[in-house]
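For reference, the structure is listed below as structure tokens.
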Amino acid sequence: MEFEAFRVIAQIAAGLSGFVGILLVLQDRLARLPRRQMLGFLQSSIGTLAFALLPDFVFSLPIAPALGWQILGGLFGAYHLFIYVFFLSGYGDFRNMPPIQITVCIASIPVIGAKLLLGLGLFAALAPNIYHLGLLWTVGVSIFFFVQVILNEASE
């Protein structure tokens, strides 16, 4: 099985991760940037990078493809749920979030759910599509955080 699209997503995520690294080195200028957004940016981009490359490893193992997708979906869903809960825990209430972040958080729920259900063995026929959607979603969230950082800098 070939995962060229996943590798392209990994390259984008690696670029975004590198951008976060540069920002963290320039920490004195980061005092203006919200820490929660920076952590969300880092977690999303590194997670996307890791999960975009993981199928190459999993499918090199002597396991059935259905089991491989189940493992990948479960791990990816659990990771996505972890960073989702971590991000929300800093706000305590949706009403403290900007409207665009509320929209992203609500729209993340079905994506996380689909990956977790894939991990439970459901939707096996759609496994590559669900996994691909998950990668596109997390790289999209990384790009969202990237735009927030850029717009924050531009507004200064």
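The values are calculated or read from the model by the stated rules, or taken from the named source; none is laboratory data. Remember, it's a predicted structure, so these values are computed and weren't measured experimentally. Cβ placement follows ideal geometry from the backbone for every residue including glycine, while neighbour counts extend to all protein chains displayed. Surface areas here come from the heavy atoms of the whole protein model, side chains and all, with no ligands, DNA or RNA. Shrake-Rupley method; radii C 1.70, N 1.55, O 1.52, S 1.80 Å.
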Could you pull out the residue among VAL141, VAL58 that is more than 14 Å from the chain's Cα centre (by Cα), touching a residue at least 12 places away in the same chain (Cβ under 8 Å), open to solvent by less than 50 Å² (accessible area, probe 1.4 Å) and under 23 Å from ALA14 (Cα atoms)?
VAL58
I'd like to verify a number: residues in the stretch 118-129 that are in a helix (DSSP H, G or I), out of contact with any Phe, Trp or Tyr (no Cβ under 6 Å at 6 or more places or on another chain) and touching a residue at least 12 places away in the same chain (Cβ under 8 Å), how many?
4
Would you confirm whether any residue within the stretch 40-55 is at pLDDT below 95, surrounded by fewer than 18 Cβ atoms within 10 Å (Cβ to Cβ) and not aliphatic (A, V, I, L, M)?
no
Of the conditions (1) at pLDDT below 85; (2) open to solvent by 40 Å² or more (accessible area, probe 1.4 Å); (3) in a helix (DSSP H, G or I); (4) not charged (D, E, K, R), THR103 clears all except one; give me its number.
(1)
Quick check: is even one residue across the stretch 6-24 open to solvent by 70 Å² or more (accessible area, probe 1.4 Å), modelled with pLDDT under 75 and either among the acidic types (Asp, Glu) or closer than 19 Å to ALA78 by Cβ (or both)?
no
Which of the residues that make up the stretch 86-138 are among the basic types (Lys, Arg) and within 13 Å of the chain's Cα centre (by Cα)?
LYS115
Only listed residue being under 22 Å from PHE3 (Cα atoms), open to solvent by 40 Å² or more (accessible area, probe 1.4 Å), touching a residue at least 40 places away in the same chain (Cβ under 8 Å) and outside any loop (DSSP other than H, G, I, E, B), chosen from HIS80, HIS132
HIS132
Given the conditions (1) open to solvent by less than 80 Å² (accessible area, probe 1.4 Å); (2) closer than 12 Å to GLY74 by Cβ, and given that LEU122 satisfies all but one, which numbered condition is not satisfied?
(1)
